Amino acid sequence: HRDLLGIGLLARHEILYLLEEAEQWVALNRGAAKHTDRLAGLTVINAFFENSTRTLLSFEIAGKRLGADVVNMHAAQSSVKKGETLIDTAITLNAMRADAIVIRHGSSGAVALIADQVDCPVLNAGDGSHEHPTQALLDALALRHALGDRGQAGDDFTGRTITICGDVLHSRVARSNILCMQALGATVRVCAPPSLMPVGIEGMGVEPFHDFDRALAGTDVVMMLRLQTERMNGQFVPSAREYHHLYGLTARRLAQAAPDALVMHPGPMNRGVEIDSDVADMIDRSIITRQVEMGVAMRMACLDVLTRRRRRVEGWA
Ligand code: CP
């Protein structure tokens, strides 16, 4: 592959390869000197047409720790605001001879459109409700580490059940995680209010639930998603209070999952809506901050692997 556009385009062995590659960066990031010259001389552009805290910062930190020159383009302060088209913006970034472009965009498919216009690798940092591949990869890495700490690590997640609950309809994180976790052998359940469940989601091989208590029964991992009100388009959505009552992860609800079930959330969290603070902050169960930590390592792996051809070293898996 030249680009990283979606988990749906990766084979299982390629996902496993990226997970293995990330381990060296987990180790580097935990040391005192968090720097290598691996990408010295290369330019990475982060072009974000939508807001971000975790993805933008972790891609910036990842590029800098690899020794690349990293520049960020925020659409709100760019000539997009003066009417420049997406294609013209892409051609402009390409003319600056970037060596990798990381893009987040509010429209599904926009990142692939830009990838067609540029000469360098493009990494999808989230496109509409389509995919967020580095999020799913970092989630898999965080889960592996959490299981490893318990002495339960394996190559994959065969035999484990992962329940994803929230606004599945609008969630690129849900889609990428369904594909990634299934590729790694897990059984995936999804849970959402009827108005926020994609029609035909069974076609992805998941078991859909509207009743959160039933979805949680015996699950090994609970991945919570926020309500993406910025993408709502007339869907009926319960009030925050009602949503919390039906779909909020409370300590009482978590007790229905497997006894040592892990709790995940890609962020940003709305505490008291989809997840209670005491659950989000559970030291032995919640791996939310570990997901953020793994985000830097996984993005270092993706930048390293995808720029190998430009550095004239062997390509990836
Ligand atoms: N999980 C995630 O994509 O967070 P940001 O929107 O803050 O990047």
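Among the numbered criteria (1) over 26 Å from residue 38 (Cβ atoms); (2) not in a loop (DSSP other than H, G, I, E, B), which one does residue 297 miss?
(1)
Taking the conditions exactly as written (touching a residue at least 24 places away in the same chain (Cβ under 8 Å), away from the ligand (no atom under 16 Å from the Cβ), more than 20 Å from residue 170 (Cβ to Cβ) and surrounded by 18 or more Cβ atoms within 10 Å (Cβ to Cβ)), does residue 216 satisfy them or not?
yes
Run down 176, 129, 195 and say which single residue is buried (at least 24 other Cβ atoms within 10 Å of the Cβ) and hydroxyl-bearing (Ser, Thr, Tyr).
Unique residue meeting the criteria: 176.
Residues in the stretch 147-167 that are under 20 Å from residue 207 (Cα atoms) and among the basic types (Lys, Arg): how many?
Adding up the residues that qualify gives 1.
Those residues that are in a loop (DSSP other than H, G, I, E, B), over 19 Å from residue 307 (Cα atoms) and within 24 Å of the chain's Cα centre (by Cα), I need them from the stretch 26-37; list them, please.
Residue satisfying the conditions is 34 alone.
Looking at the stretch 180-204 only, could you name the residues that are touching a residue at least 60 places away in the same chain (Cβ under 8 Å) and more than 18 Å from the chain's Cα centre (by Cα)?
Residues satisfying the conditions do not exist here.
Of the residues that make up the stretch 251-263, is at least one in contact (Cβ under 8 Å) with a residue 40 or more places away in the chain, among the aliphatic types (A, V, I, L, M) and more than 22 Å from residue 226 (Cα to Cα)?
Checked against the condition, which is being in contact (Cβ under 8 Å) with a residue 40 or more places away in the chain, among the aliphatic types (A, V, I, L, M) and more than 22 Å from residue 226 (Cα to Cα), the stretch 251-263 yields at least one hit.
Mind checking which residues of the stretch 38-96 are assigned to a loop (DSSP other than H, G, I, E, B) and within 16 Å of the ligand (Cβ to nearest atom)?
49, 50, 51, 52, 53
Among the numbered conditions (1) surrounded by 18 or more Cβ atoms within 10 Å (Cβ to Cβ); (2) over 28 Å from residue 297 (Cα atoms); (3) not polar (S, T, N, Q), tell me where residue 210 comes up short.
For residue 210, the exception is condition (1).
Taking the conditions exactly as written (under 11 Å from the mean Cα position of the chain (by Cα), among the charged types (D, E, K, R) and in the same structural domain as residue 244 (by TED's automatic domain parsing)), does residue 155 satisfy them or not?
Spelling it out, it is not the case that residue 155 is under 11 Å from the mean Cα position of the chain (by Cα), among the charged types (D, E, K, R) and in the same structural domain as residue 244 (by TED's automatic domain parsing).
Residues 88, 116, 99: which one is of a type in the set (Asp, Glu), closer than 21 Å to residue 309 by Cβ and free of Cβ contacts under 8 Å to residues at least 24 places away in the same chain?
116
The values are calculated or read from the model by the stated rules, or taken from the named source; none is laboratory data. Since the structure is predicted, the reported quantities are computational estimates derived from the model, not experimental observations. As a convention, Cβ positions derive from the backbone with ideal geometry for all residues, glycine included, and neighbour counts pool all protein chains shown.
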